[in-house]
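The values are calculated or read from the model by the stated rules, or taken from the named source; none is laboratory data. Fair warning: this is a prediction, and the values are worked out from it, not measured in the lab. Neighbour counts run over all protein chains shown; Cβ positions are idealised from the backbone, glycine included. Ligands, DNA and RNA are stripped out before the accessible areas are found, and what is left, the full protein with its side chains, is counted by its heavy atoms. Shrake-Rupley method; radii C 1.70, N 1.55, O 1.52, S 1.80 Å.
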Amino acid sequence: MRILVVEDDAAMARLLRRALASEGYAVDLAGTGPDGLWAATENDYDVVVLDAMIPAPNGFEVARQLRERSRWAPILMLTARADVADRVRGLDSGADDYLTKPFALDELFARVRALVRRGAVPRPAVMRVGDLELDPGSRRVERDGTPVELTSKEFALLAELMRHPGQVLSRSHLIDHVWDSAYDGASNVVEVHVRRLREKVDRPFGRESIRTSRGAGYLVVDDAADADSAGDATAAGSDGSAR
């Protein structure tokens, strides 16, 4: 297992390297934000141990940029600040776990093992489908840069659809993941909320990204990409060759 430690305090970096190496990990070190970004972008790591207050860009920004670059190695963020706001900021930036200094090495090892088990699966801090963007941390939705106001349930429904772009989600799946056990499954609440979503995120922008798969469920797609593909196909069919 290979770990990247991004820590600007040389003594702390050496301590972490020795401790993690004693557990059998191969450990690389970086001391600044740019060096950490480069290393984590160019190499595949099983875990990134990232200090929050490294020289700019700081750890929060490094985590955010790594996720934007689709680098999914689990991130354990370290900080000497125990403020709840800092922990929230770190997790919303794309970190998977948070450890406050000073810490026990046994706890560090346990958290690293848990992150290794999780693996480098895609989990973007901000979800995007075409020009539609949803930020779970700030509860922000934008379409082509324009803010879209949603209710909490509309937001939850759109988030679930955007977690599975291009995939048909059944009505029962959406009920299980968006509504609680008190929901009356006989009502048409899913259909009502899908219709409201279309009125807010599709129609004002001339889009048709929230689709119905008749008898199967609902999905969200990049309708601009679909339009481009259709246009290419039409052009190819008109004279036998794509333009």
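Quick look at the numbers
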| item | result |
| --- | --- |
| Per DSSP, loop trypsin sites (Lys or Arg not before Pro) in the stretch 192-227 with at most 11 further Cβ within 10 Å | ARG214 |
| Residues whose placed amide H lies under 5 Å from that of ILE75, excluding near-sequence neighbours | VAL48, ASP96, ASP97 |
| Label corresponding to Kirkwood radius over Cα pairs in Å when calculated from the structure given, among [x] 20.5; [y] 18.9; [z] 18.1 | [x] |
| Å² of accessible area per residue within the chain, as computed with a 1.4 Å probe and no ligands counted | 51 |
| Prolate/oblate/rounded call for the stretch 1-93, Cα gyration tensor, a/c under 1.5 rounded | oblate |
| Cα centroid separation - the stretch 29-69 against the stretch 107-127, whole Å | 15 |
| Note, ³J(HN,Hα) from phi for the stretch 3-8, Karplus 6.51, -1.76, 1.60, rounded to Hz, x at Gly and Pro | 10, 9, 10, 10, 8, 8 |
| Acute angle (nearest 10 degrees) that the helix 152-162 long axis makes with the longest principal axis of the chain, alpha-carbon atoms | 90 |
| Surface share of carbon and sulfur [accessible, 1.4 angstrom probe, percent] for the chain | 49 |
